[in-house]
Structures are given as C-alpha cells and as structure tokens.
1. Determine whether Asn159 is assigned to a loop (DSSP other than H, G, I, E, B) and either away from the ligand (no atom under 12 Å from the Cβ) or charged (D, E, K, R) (or both).
2. Does Pro241 qualify as being under 20 Å from the mean Cα position of the chain (by Cα), open to solvent by less than 20 Å² (accessible area, probe 1.4 Å) and free of Cβ contacts under 8 Å to residues at least 40 places away in the same chain?
3. Pick from Phe257, Phe188: which is more than 15 Å from Met107 (Cβ to Cβ), open to solvent by less than 50 Å² (accessible area, probe 1.4 Å), at pLDDT 95 or above and in contact with a Lys or Arg (Cβ under 9 Å, 6 or more places away or on another chain)?
4. Can you tell me which residue among Ile105, Ile147, Ile82, Ile100 is closer than 21 Å to Thr32 by Cβ and assigned to a helix (DSSP H, G or I)?
5. Across segment 151-172, what is the total count of residues that are free of Cβ contacts under 8 Å to residues at least 60 places away in the same chain and either closer than 20 Å to Thr295 by Cβ or out of contact with any helix residue (DSSP H, G or I) (no Cβ under 9 Å at 6 or more places or on another chain) (or both)?
6. Checking Thr25 against (1) near the ligand (Cβ under 7 Å from one of its atoms); (2) open to solvent by 10 Å² or more (accessible area, probe 1.4 Å); (3) assigned to a helix (DSSP H, G or I), only one condition comes out false. Which one?
7. Between a first residue in segment 15-33 that is more than 12 Å from Val43 (Cβ to Cβ) and a second residue that is among the β-branched types (Val, Ile, Thr) and assigned to a loop (DSSP other than H, G, I, E, B), which pairs have beta carbons less than 7 Å apart while being 6 or more apart in sequence or on different chains?
8. Can you tell me which residue within segment 183-214, out of those that are without any contact (Cβ under 8 Å) to a residue 60 or more places away in the chain and within 8 Å of the ligand (Cβ to nearest atom), is nearest to the chain's Cα centre (by Cα)?
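The values are calculated or read from the model by the stated rules, or taken from the named source; none is laboratory data. For clarity, every value in this text was computed on a predicted model and none was experimentally measured. Positions of Cβ are backbone-derived with ideal geometry, glycine not excepted, and every protein chain shown enters the neighbour counts. Surface accessibility is based on the protein's heavy atoms, side chains included, excluding ligands, DNA and RNA. Shrake-Rupley method; radii C 1.70, N 1.55, O 1.52, S 1.80 Å.
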Amino acid sequence: MAASNWSTQNIQDQQGRLVIITGATSGIGKETALTLAGKNASVIIAARNMVKGQKVVDEILKQHPKADISVRELDLTSLDSIKTFSDSILRDYKQLDVLINNAGIMMCPYSKTSDGFEVQMGTNHLGHFALTGRLIPLLMNTKNARIVVLSSIAHRFGNIDLSDINWDNRAYNTNKAYGDSKLANLYFAYELSRKLEGIKDAPIVTAAHPGWTATELQRHTGLFMFLNHFFAQDTSMGALPTLRAGFDDSVKPGDYFGPAALFETRGYPVTVKSNKKAHDTLQASELWRQSERMTGIEFSI
Ligand SMILES: NC(=O)c1ccc[n+]([C@@H]2O[C@H](COP(=O)([O-])OP(=O)(O)OC[C@H]3O[C@@H](n4cnc5c(N)ncnc54)[C@H](OP(=O)(O)O)[C@@H]3O)[C@@H](O)[C@H]2O)c1
C-alpha cells in the first residue's frame, strides 16, 4: 500500500495494549475509539459527560461485542478532576501504551476554567499538560509507549502572548485564542519530545491534525457548521492522522501527521510540516515553565 494511502488496515492487532483517548464522546475521538476497539486494544474513553461516554461505549460494543472498552470521568477544565482520573489509572494499571490527547473546544465565547484559565488554552493545552504530567510515570514504565497530541491547521494563526495567557488585559478574540491553544499543543509535543530524547525506552511523542472534518467542534461557528456539509471529510478519514501518529510502527519522535490533499484539509495521512513559529524552542520552553507554574505539575522524567 502506498504511504499516502495509509489506512486502518495498516494497524496491527492491539491485544494487550491500553489506550486512553480524551474526548472520545464524539467526532474524531469517538471514531478513534471505535477503530481501536475493533483492533482489540483495551480502550478507556476519558469523558466529561459520563452519560454520553457510556452511550458511546454501548454503541461500540454493539459493533464489537468482545471489545474491552470503558469510560471514566475526566473534565479537562478542572485540575481536581484530572488528578482524580489520573490517580484511578495509576491505581488500576501497570502500563499505558498510548495516550491520545484529543479532546478540544473551538472558538467558544470567553470564559474561564474552574482554575481560572482562559477556557480554550485551559482545555486544549493546560488540561492535557497536567494529564500527561500525571500519567508520565506509567508511560515511562511501558515499552513502546506513545503520546499523541492533536493540533490543527489553525496553529498557523497562533501567536501566544505569554504575558497575558488568560486574556485578562486584552479584548478577547476567540479565533485567535483557538489558534494559540493549537500552537501550544505543538510547542508541548515538540518540547516533550526533546525532553525525552536519548532516554532509553521513553515514550515517542507525535502530533496530528485532522484537516477539516465534520464534527461537533464547529458548533460555535454557524458558518463552519454550514460549510461542513460541502467541504468537510467524514470522521473515518479525519481520524486517520491520529491513528497513524499513534500506531504506524515507522514514526519518529516529533512527527506531525495531517491529510495529504487540498492544503491539508482532506485525504490520507502523511507527515506534514508545522509553521516556523511552532519550532521556536525559546517560546516552547517558556510555555512549558508557565504551564508548570499554572498547573502545579512537574514531569518526573
Ligand atoms: N474537526 C476538525 O475539523 C478539526 C480540525 C482541526 C483540529 N481538530 C481537533 O481535533 C480534536 C477533536 O475534535 P473533534 O473535531 O472531534 O470535536 P468534537 O466532536 O467536538 O469532540 C471534542 C471532544 O472533546 C470533548 N471535550 C471538550 N471539552 C472537554 C473537557 N473540558 N474535558 C473533557 N473532554 C472535553 C468533547 O466532550 P463533549 O462530548 O462532552 O462535548 C468531545 O468528546 C480537537 O482537539 C480539535 O481541536 C479538529
């Protein structure tokens, strides 16, 4: 099969491997969970809404009756919830093979998380920073572990003002705040990858973006929601960059996957390039320090 046509057929049997997917109650995360359940992975859906999460588990079990899939509560806008979730995983499991940081919100009205973080940066970046930091000991203890970070073409609109990360001193621009959070996802992926470089058996960190995929993400933007009908690909294609980042055996640390066609909006997953800013190591390390200060999480690497 040509590299440009990488598909779910390329994923080997995942029996005995544990995968956690944040935000798998809809869209790309749900599709990712469905695929991996069908490949015999043990899948944990990390969901803020347990009723929705259980419904997805039941739907997936209908398609794959023997699947090992369950849901646990995780609200990325709450550091307490992240701690409770992570403690339960650390208590119940001795390995974690793949952590997929998928959950996200886009272009929503201004609000703050329960810890006082601007909600898009708080959910998309800081919540996942804290979650990964809490789970890193388990990932470090697992051979061939991987961490997949979801970003977006929108990282190109990002330009994070680290002196005002919570937008306390500026008029709020929700589009820009989304771009900032997706740029932060790449800073995080690349910085974590650099920190793990050279450590024997350390997890591989990769990133992915789904191009333009019809999901619930666009619910705050009427125009995008309308245009979804004409331009967006479906979730079975939209989940492929994530799946390739997580399960292609030939990936290298720091690889970034996205769709191949139409300015990376659709198609089969290939390695893509993020913009120059995403490779600014000074910004990345400063964001890392600020994320540690804000979340109180230091990675024990
Ligand atoms: N769709 C696209 O075209 C596109 C393009 C670029 C990047 N992405 C990225 O792809 C990822 C998945 O998005 P999607 O398109 O599949 O959107 P989606 O259908 O809206 O799914 C987002 C998921 O995140 C969950 N979530 C939101 N806030 C959360 C929180 N505080 N705690 C825990 N979970 C939370 C949602 O839970 P609920 O079900 O409870 O709302 C949902 O399960 C996101 O990171 C997004 O930025 C998507």
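1. yes
2. Working: under 20 Å from the mean Cα position of the chain (by Cα): yes; open to solvent by less than 20 Å² (accessible area, probe 1.4 Å): yes; free of Cβ contacts under 8 Å to residues at least 40 places away in the same chain: yes.
Criteria met by Pro241.
3. On the way: Phe188 fails: in contact with a Lys or Arg (Cβ under 9 Å, 6 or more places away or on another chain).
Sole residue among the options that is more than 15 Å from Met107 (Cβ to Cβ), open to solvent by less than 50 Å² (accessible area, probe 1.4 Å), at pLDDT 95 or above and in contact with a Lys or Arg (Cβ under 9 Å, 6 or more places away or on another chain): Phe257.
4. Details: Ile105 fails: assigned to a helix (DSSP H, G or I); Ile147 fails: assigned to a helix (DSSP H, G or I); Ile100 fails: assigned to a helix (DSSP H, G or I).
Ile82 is the lone residue from the list that is closer than 21 Å to Thr32 by Cβ and assigned to a helix (DSSP H, G or I).
5. Keep residues of segment 151-172 that are free of Cβ contacts under 8 Å to residues at least 60 places away in the same chain, which gives 152, 154, 157, 161, 163-164, 166-171.
Cutting the leftovers down to either closer than 20 Å to Thr295 by Cβ or out of contact with any helix residue (DSSP H, G or I) (no Cβ under 9 Å at 6 or more places or on another chain) (or both) gives us 161, 163-164, 166-171.
Residues flagged as free of Cβ contacts under 8 Å to residues at least 60 places away in the same chain and either closer than 20 Å to Thr295 by Cβ or out of contact with any helix residue (DSSP H, G or I) (no Cβ under 9 Å at 6 or more places or on another chain) (or both) within segment 151-172 amount to 9.
6. Checking Thr25 against (1) near the ligand (Cβ under 7 Å from one of its atoms); (2) open to solvent by 10 Å² or more (accessible area, probe 1.4 Å); (3) assigned to a helix (DSSP H, G or I), the one that fails is (3).
7. Ser26/Thr215; Gly27/Thr215; Ile28/Thr215
8. Gly211
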